[in-house]
1. So which of Ser287, Ser274, Ser177 ends up being more than 31 Å from the chain's Cα centre (by Cα) and exposed (fewer than 13 other Cβ atoms within 10 Å of the Cβ)?
2. Counting only residues that are under 30 Å from Leu275 (Cα atoms) and open to solvent by 40 Å² or more (accessible area, probe 1.4 Å), how many does region 22-41 have?
3. Could you check how many residues of region 222-262 are hydroxyl-bearing (Ser, Thr, Tyr) and within 24 Å of Glu54 (Cα to Cα)?
4. Which residue is modelled with the lowest pLDDT, if the candidates are limited to region 161-182 and must be assigned to a loop (DSSP other than H, G, I, E, B) and touching a Ser or Thr at 6+ places or on another chain (Cβ under 8 Å)?
5. I want to confirm something. Restricting to region 188-227 and keeping residues that are part of a helix (DSSP H, G or I) and acidic (Asp, Glu), which single residue is farthest from Val134 (Cα to Cα)?
6. Residues in region 118-138: is at least one at pLDDT 95 or above, open to solvent by 60 Å² or more (accessible area, probe 1.4 Å) and not hydrophobic (A, V, I, L, M, F, W, C)?
7. Hey, can you tell me all the residues within region 194-208 that are of a type outside the set (A, V, I, L, M) and within 16 Å of Met119 (Cα to Cα)?
8. Of the residues in region 220-243, how many are of a type in the set (Asp, Glu) and touching a residue at least 60 places away in the same chain (Cβ under 8 Å)?
Amino acid sequence: MSSILTNNSATVALATLKSVTSGLNETQNRVSSGLAIRSGKENAAYFAISQTMEGDSGMFKSINEGLTSTKNSISTARLGAETVADLAEQFVERVAFAQGNGIDLAEVQSELDELVKRMDSAIKQATFNGDDLVNASSDGATANAATASVTSVSGVSRAGGSFSTTTISFTGVDLASIRGDMTNANTGFAAINVSTSTDLAADLATAEGLLSSAISAATSLGVTEKTIEGQQDFLGSLTDTLDAGIGAMVDANMEEEAARLQAYQVQQQLATQSLSIANQAPQNILSLFR
């Protein structure tokens, strides 16, 4: 039965066209955004997980950037410690030289005093953005800044379903005490005076012990710097893994979307033609009244 009031074929064709157009729009959105899941209504579980992972990835990246500043401070302190260790080695060599006969001890002491001044300069300059891990105090009397424990956030953890942070702790070094008190000259390298000494062998032993301390300080900072670098490498890899995991859950498969887009475009054309044909059906009724 044909009717000029109800066109069932057009209704079906129109519903089909709406469905195809909706699918086409969704596919176009996925193609343009690159995302298969853009909100909780598309996949609540995946969306919630991906958002949490994305937040963790952002935190890891920020923490990694913060560790760069910490590493720079440690690296600067290590350079200062290594410089002091090099100068300490030269100091020991000059004290060893003073053990011989016929040596101008006053001249040797002049060299030693210059080495201590250079140590002092290296210690005072071994700071990064005001962060002092070597205690470059002017008189070497205190070492609070250098010996205080430093704690840096190294990451976050969601183990056991609870959120917490992980940390790395390390201790600065006291190069000032190795250098010695510059004002009173009664500690460290500054206390050694071969020109007035009554026991040069003891002075050499003292200098060698201070050299060992300087080497230990440089080594300690080197180990700490390597630890920070290792954590940064781990955070970088962890961030890449999280980003890949997020992508696996929410990214659109562009090959599939491209094929689906072409299919929908063809279906839309066919649905449009079907609707056009269905809309022409009532016109055929007019021929019956001619």
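The values are calculated or read from the model by the stated rules, or taken from the named source; none is laboratory data. Since this is a predicted model, take the numbers as computed values, not measurements. Please note: Cβ atoms are built from the backbone with ideal geometry, for glycine as well, and neighbour counts cover all protein chains shown. SASA here: full protein model, heavy atoms, side chains in, ligands and nucleic acids out. Shrake-Rupley method; radii C 1.70, N 1.55, O 1.52, S 1.80 Å.
1. Ser287
2. 8
3. Number satisfying all stated conditions: 3.
4. The extreme case among them is Met182.
5. Asp203
6. Yes, region 118-138 has at least one match.
7. Glu208
8. Final tally of qualifying residues: 3.
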